[in-house]
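Following: one structure in structure tokens, then a few remarks.
The values are calculated or read from the model by the stated rules, or taken from the named source; none is laboratory data. What you see is a predicted model, and the numbers here were worked out from it, not measured in a lab. Glycine gets a Cβ as well: all are built from the backbone with ideal geometry, and neighbour counts include every protein chain shown. Just so you know, the surface numbers come from the protein's heavy atoms only, side chains and all, with ligands and any DNA or RNA stripped out. Shrake-Rupley method; radii C 1.70, N 1.55, O 1.52, S 1.80 Å.
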Amino acid sequence: MTGRTVVVTGGAGLLGRRHAAAAAELGATVVLLDLDGEAAAAAAAGLPGAIGLACDITRPPAVEAALACILDRTGRIDALVNNAANNPKVEDGAGGGHWSRLENLPLEVWNQDIAVGLTGAFLCSRVFGSRMAEAGSGVILNIASDLAVIGPDQRLYRQPGLTDDRQPSKPVTYSVVKAGLLGLTRYLATYWAERGVRCNALLPGGVSNGQDPAFVARLAERIPLGRMAEPDEYKAAVAFLISDASSYMTGATVSVDGGRTCW
């Protein structure tokens with residue numbers, strides 16, 4: 001991918017940095033977009049020729065400004081990785097019940113999660129994808145989740161000694177956002193196919209990141225390979241999906257989840 005430009009949203013996050021590294025290792029110029037501009041710049045500093053930019057992907061003017069900056073600096077857009085998402089830690093809340101439970105989830109949380117995970121992906125796809133369509137080629141990769149195709153097993157999050165209404169749960173917004181990305185993937189794959197823009201989705205499983213050992217053990221029992229993924233284990237899949245190696249793939253969903261969705 002030497003000479004090409006790849007944009008990664010949520011570029012300063014745990015996986016965003018790995019997705020960016022996968023593109024950089026193919027020779028691409030990588031642009032890491034993140035709400036935290038300093039973190040994006042720091043993440044970019046570790047990659048050859050990479051650019052880190054502050055961008056609120058929920059705001060159309062901010063995305064348009066990012067496009068103008070990228071075109072000014074690299075002259076092109078060849079791939080977009082829609083990676084940004086809210087994923088708050090599920091911890092015990094105060095008051096009469098846990099905030100993450102369906103009965104208690106604040107509307108503000110719903111709106112924020114949808115805005116970043118779905119609206120942000122739509123806006124970036126519209127702005128950057130339109131540019132790729134004008135050029136006659138490009139790739140969009142949506143980072144979904146195994147929870148886009150299966151429901152979360154809420155037993156994983158139970159904590160001893162809490163009543164049912166106090167038990168934490170995986171918020172409904174996570175499932176809705178990730179499933180919505182699959183619909184966006186199929187829409188974009190057919191919408192711009194004649195203009196040379198492909199769109200696929202990657203469905204990662206859980207990533208090891210210092211979680212509570214008891215939670216990790218419970219989750220591992222539900223994964224045929226018996227463990228969570230290491231942060232670098234998605235890089236090869238990302239490299240495949242954003243490059244010409246997947247030139248005859250569009251509208252596809254690729255599961256890399258240790259086999260969890262087989263059960």
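The table that follows gives values for the structure above.
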{"item": "Those residues of the stretch 104-121 which are assigned to a helix (DSSP H, G or I) and open to solvent by less than 40 Å² (accessible area, probe 1.4 Å), in sequence order", "result": "VAL109, ASP113, ILE114, ALA115, VAL116, GLY117, GLY120, ALA121"}
{"item": "Hits in the stretch 19-60 - residues which are in contact with a strand residue (DSSP E or B) (Cβ under 8 Å, 6 or more places away or on another chain), without any contact (Cβ under 8 Å) to a residue 60 or more places away in the chain, farther than 20 Å from MET1 by Cα and part of a loop (DSSP other than H, G, I, E, B)", "result": "LEU35, ASP36, CYS55"}
{"item": "Boolean, SER145 is surrounded by 15 or more Cβ atoms within 10 Å (Cβ to Cβ), among the hydroxyl-bearing types (Ser, Thr, Tyr) and touching an Asp or Glu at 6+ places or on another chain (Cβ under 9 Å)", "result": "yes"}
{"item": "Answer residue from the stretch 131-142, given it is assigned to a helix (DSSP H, G or I) and over 14 Å from LEU188 (Cβ atoms) and is most open to solvent (accessible area, probe 1.4 Å) among those", "result": "GLU134"}
{"item": "Flag if SER175 is at negative phi, at pLDDT 95 or above, open to solvent by less than 30 Å² (accessible area, probe 1.4 Å) and part of a helix (DSSP H, G or I)", "result": "yes"}
{"item": "Any hit, the stretch 29-43, residues being closer than 27 Å to LEU241 by Cβ, polar (S, T, N, Q), out of contact with any Asp or Glu (no Cβ under 8 Å at 6 or more places or on another chain) and surrounded by fewer than 20 Cβ atoms within 10 Å (Cβ to Cβ)", "result": "no"}
{"item": "LEU26 being under 24 Å from LEU202 (Cβ atoms) and open to solvent by 50 Å² or more (accessible area, probe 1.4 Å)", "result": "yes"}
{"item": "Residue within the stretch 242-251 that is part of a loop (DSSP other than H, G, I, E, B), crowded, with 17+ Cβ neighbours inside 10 Å, in contact with a Gly (Cβ under 6 Å, 6 or more places away or on another chain) and of a type outside the set (Asp, Glu) present", "result": "no"}
{"item": "Checking SER169 against (1) over 27 Å from LEU33 (Cα atoms); (2) out of contact with any Ser or Thr (no Cβ under 7 Å at 6 or more places or on another chain); (3) among the small types (Gly, Ala, Ser), the condition it does not meet", "result": "(2)"}
{"item": "Of residues in the stretch 252-263 being assigned to a helix (DSSP H, G or I) and touching a helix residue (DSSP H, G or I) at 6+ places or on another chain (Cβ under 9 Å), the one surrounded by the most Cβ atoms within 10 Å (Cβ to Cβ)", "result": "ARG260"}
